[in-house]
Each structure stands twice: as C-alpha cells, then as structure tokens.
Ligand code: ATP
Ligand code: AMO
C-alpha cells in the first residue's frame, strides 16, 4: 500500500493514511471512536457525528470488528486518546470486511482454548501478547545465530529426508521416496559430524526435526526446531561452554531488545538473565540429590534414566539451569564417546532448565573401530550407515556438539505452559493442519 504510515509513526501535524484492523468501536453518542490496529500498535480515529459527512461516519462506524480499513486524515494531539494522538478522518475505505461472527476474539476479552487458538492462528496472532511470543522467538534466533558466528561457526542446512535414523527406531516417520523406504530426519546428528570432520570444523544448524513421539505432553512436538552445534577439536566441556553461551546470549538479547514484548506478556518485572556459570553435576551426584529430596516413591539406582518427577525435584533443588554430565554409556547413543578410563561412563551431557531438559550433547566417537563396535552394541547394522562411517577412515578429528530444543528454549524463557504456544502451526498427535 503506497504511502501508508504505521500507526506508531503518526505524528501530530501529519496528514496520513493508516491501514489495519478494526480493533474496537466505542460509541459515546455524539462522538465515537474507531480504534485501528496495525503491527506497530493502535490509533484512535475520531468521528463527530453531527459535524462530519454522514457517509463517512456511517462507513467508519458501521464496519465490523477485525475488518481491514484504510483511513486518511489529519493527526492531532489528544491527551485523552490511548496513544496521545488521534486521526480526524477525511476518508475511510473498507478494504476487506470481516464476518461479524468471529471464531476467536482478538481483543482478548474472551479467553479461548488452545485448540481454538491454533485452528484460527491468524486471528490469534492479532493479540498483542501472542505476537510478542513470536517477536521474541525471532529475536532469540537472531541472537543465537550471531553468537554462533562469534564462536566461529558456519551455518549449515542438512537434508530432512534420510535413509536411516539416529535417535531410536520407534520415533521415525517413514515416507516413500520414489518407491524406496525413507524417513523424516530426527536430528542432523550424522550430517553435522560429517561437516565438522571437514575443513569447516565448526558448524551450527537451526532447522526442523521430526519425531513420531508416542506421548502427547505439554513439552513434546512431532515437528520441532533443533538448534545444533558441532565443533572439531572440541570435547564435552567445550560443547557445554558453547551451549551455556548460546542460551545466555538469547536471554541477554531479549532483555535488551524486547522490552515492549516482555511488557505485553506481563514479564517486565520477573524476567531475569541467568547469572554466572551453570553448575555441572555428574549423573551420579544427580541421582543422589534426587534420592535425597524424598520426592520419588522409589529410589533411583545407577543406570536408571531420570524420570520426569526426578528432573523436577532436582530442578527445584538446584533452582536454575544446570548440566548433568557423565551419564552411563548404556543410556546414551552410539555416537557418544565413553571415557577412556571407564567404559561404563560416557561423555554425554544434558543441559537442564528447572522445568525440563533443554539440550543433549557430548564428545563423539571419532575412532572408526570403536564407532563400528558402538553400532553393533546398540543393535544397529553399521553397513546401513556406511555413508557416515567411511568418512571416519580419512582423518576424523576429535569433535563434540549438542542439540538444543528451540521451542523448549522459548517456552522456558517465557514461562509458557504449553510448547504449542511457541510454534505457529504445531504438529502433534491430533494436529496435522493448519
Ligand atoms: P460532543 O463532542 O458532540 O459534545 P459528546 O458529548 O458525546 O459529544 P464529550 O462530552 O466531548 O462528547 O465526550 C464524551 C466522552 O468522550 C467523555 O468521557 C470525554 O472524556 C471523551 N472524549 C471526548 N473527546 C475525546 C477524545 N478526542 N479522545 C478520547 N476521549 C474523548
Ligand atoms: P535429543 O534427542 O536429546 O538429542 O534432542 C535434543 C533436544 O531437542 C529437543 N527435542 C524436542 N523438543 C520438542 N519436541 C520433541 N519431540 C523433541 N525432541 C527433542 C530437546 C532435546 O534436549 N543428536 C542429539 C543431540 C546431540 O548430541 O548433538 C539429539 O537429537 O530440547
């Protein structure tokens, strides 16, 4: 739209054309107001019924809520108006009239269920606090990219249609690829390692991962955004440093650049950038501390995976982000290296937010023979992964990395109840469209 002015830029004394949605009409009798909303905010359009052209008043006040209108007129200072200025209209055009029966109230006066919101995302995103989540998500990803660049990483994009899975067979979505069986990729794991083994050395990817998760929970998606890192000549400690740096940079950017969005979410007071280094507890210490909380019916023993209630109890106990290191080799995948002095112990780590796991990572097995053995121990056929394993014969440096769940990061930063609130169009057991 030519010469359109954003409502936030309309200054007293200007003649403007503003365009947007009809947020509300307030009729006070002789005077009435149309509140017009665009991506930058709202502006009041004043209609003085006895003094203005009848058709103009009728058009401006007869339009249904959420219709798209374009209004031209003079901007004047008006202390009683919500933003301190108002427009006296010279013309009003209804660009696109909205059905008066709205499935969802974008003014937010009527609460809607999450499923109604997701079915009507366009209307839902007209709410300031919902838009704020996605503005913050965008700023977070921008800051994450910038921080990875500062860590000397190159952004890569790897295939999402693949021949083999890496994170457990039951979670794969099978597809047909020209008559052959293929899968939607669960993780860029093998590809990022293959590139870390090249001269590129340090890489990151922000892309979709697909998981046929059986459970329907507030923190699992079937299509999620994974923030992946892989670096040559790195060990698990270096990878943890990078994970900590990336998460902290995200919080800092939001604190610095998203003041209005935090306010729209009512978080301006409580939002805090995590301070200092995240504590690093070994798996052994973690189970001891969980057992000591007395929150679990049954005590954990070495080798158990941590149940959700256990993670919660430990999260409350630690009170902030923390790492769990030195997991039992048996519960970590084949590509994670074991400690040289203790084969039962892996270099795998998780980064936890008190509410949930955010990151998994570790040092990788880069020795060809050990890698092949690892496949066999995990019941996988190394021949199927030859495209990957053969590159370990031609000079594979030691390397380490991690995967960070993008939506879980948004969710924990903003205290969202449900991971679906951090995705525009979530994919879950019940939801394949929109
Ligand atoms: P008229 O202006 O024709 O006398 P009226 O009697 O309905 O019409 P006012 O008495 O001026 O209007 O105002 C009605 C209400 O609207 C009052 O509460 C007033 O504070 C509010 N109001 C008037 N003008 C504005 C404005 N430009 N912006 C916001 N509120 C306004
Ligand atoms: P993992 O399987 O632990 O590790 O995944 C890494 C992180 O991705 C997020 N995540 C999910 N988020 C939402 N819904 C899901 N279904 C989902 N699945 C995973 C979590 C999790 O911590 N290849 C390894 C990473 C590595 O070692 O580099 C991997 O995929 O936040």
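The values are calculated or read from the model by the stated rules, or taken from the named source; none is laboratory data. Since the structure is predicted, the reported quantities are computational estimates derived from the model, not experimental observations. Note: ideal-geometry Cβ built from the backbone for every residue, glycine included; neighbour counts use all protein chains shown.
Any idea which residue in the stretch 39-71 is farthest from ligand 2 (Cβ to nearest atom), counting only those that are surrounded by fewer than 18 Cβ atoms within 10 Å (Cβ to Cβ) and part of a strand (DSSP E or B)? Of everything passing the filter in the stretch 39-71, 48 is farthest from ligand 2 (Cβ to nearest atom).
Whether any residue in the stretch 191-206 is assigned to a loop (DSSP other than H, G, I, E, B) and within 11 Å of ligand 2 (Cβ to nearest atom) is what I want to check. So that I can check it myself, show each step before the final result.
Keep residues of the stretch 191-206 that are assigned to a loop (DSSP other than H, G, I, E, B), which gives 197-201.
Cutting the leftovers down to within 11 Å of ligand 2 (Cβ to nearest atom) gives us none.
No - not one qualifying residue is present in the stretch 191-206.
When every residue of the stretch 76-89 is checked against the conditions, none turns out to be within 29 Å of residue 417 (Cβ to Cβ) and either within 16 Å of ligand 2 (Cβ to nearest atom) or in contact (Cβ under 8 Å) with a residue 60 or more places away in the chain (or both).
Restricting attention to the stretch 409-419, which residues are over 16 Å from residue 274 (Cα atoms) and either within 10 Å of ligand 2 (Cβ to nearest atom) or modelled with pLDDT under 95 (or both)?
Residues of the stretch 409-419 over 16 Å from residue 274 (Cα atoms): 416-419.
Scanning the stretch 409-419 gives a single hit, 419.
Collect the residues in the stretch 371-395 that are under 19 Å from residue 232 (Cβ atoms), away from ligand 2 (no atom under 16 Å from the Cβ) and touching a residue at least 24 places away in the same chain (Cβ under 8 Å), keeping them in residue-number order. Across the stretch 371-395, the qualifying residues are 391, 392, 393, 395.
Let's see how each residue does on (1) under 25 Å from the mean Cα position of the chain (by Cα); (2) at pLDDT below 95; (3) farther than 23 Å from residue 426 by Cα:
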position: 164; (1), (2), (3): no, yes, yes
position: 171; (1), (2), (3): yes, yes, no
position: 194; (1), (2), (3): no, no, yes
position: 198; (1), (2), (3): no, no, yes
position: 203; (1), (2), (3): yes, no, yes
position: 207; (1), (2), (3): yes, no, no
position: 216; (1), (2), (3): yes, yes, no
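Of the residues 177, 251, the single one that is modelled with pLDDT of 95 or more, in the same structural domain as residue 347 (by the TED database) and touching a helix residue (DSSP H, G or I) at 6+ places or on another chain (Cβ under 7 Å) is 251. Look at residue 331 and say whether it is at pLDDT below 95 and either under 30 Å from residue 292 (Cα atoms) or within 27 Å of the chain's Cα centre (by Cα) (or both). For residue 331, the condition - at pLDDT below 95 and either under 30 Å from residue 292 (Cα atoms) or within 27 Å of the chain's Cα centre (by Cα) (or both) - is met. Within the stretch 231-270, being more than 30 Å from residue 39 (Cβ to Cβ) and buried (at least 20 other Cβ atoms within 10 Å of the Cβ) holds for 231, 232, 234, 236, 239, 240, 242, 243. Scanning the stretch 95-106 turns up at least one residue that is touching a strand residue (DSSP E or B) at 6+ places or on another chain (Cβ under 6 Å) and under 24 Å from residue 22 (Cβ atoms). Name the single residue that is surrounded by the fewest Cβ atoms within 10 Å (Cβ to Cβ) among those in the stretch 4-31 being touching a helix residue (DSSP H, G or I) at 6+ places or on another chain (Cβ under 9 Å) and closer than 12 Å to residue 86 by Cβ. Per the criteria, the residue is 16.
The requirement of being out of contact with any strand residue (DSSP E or B) (no Cβ under 8 Å at 6 or more places or on another chain), touching a residue at least 12 places away in the same chain (Cβ under 8 Å) and surrounded by 16 or more Cβ atoms within 10 Å (Cβ to Cβ) is satisfied by residue 133. Scanning the stretch 354-403 for residues that are under 30 Å from residue 308 (Cβ atoms), touching a strand residue (DSSP E or B) at 6+ places or on another chain (Cβ under 9 Å) and at pLDDT 95 or above yields a total of 15.
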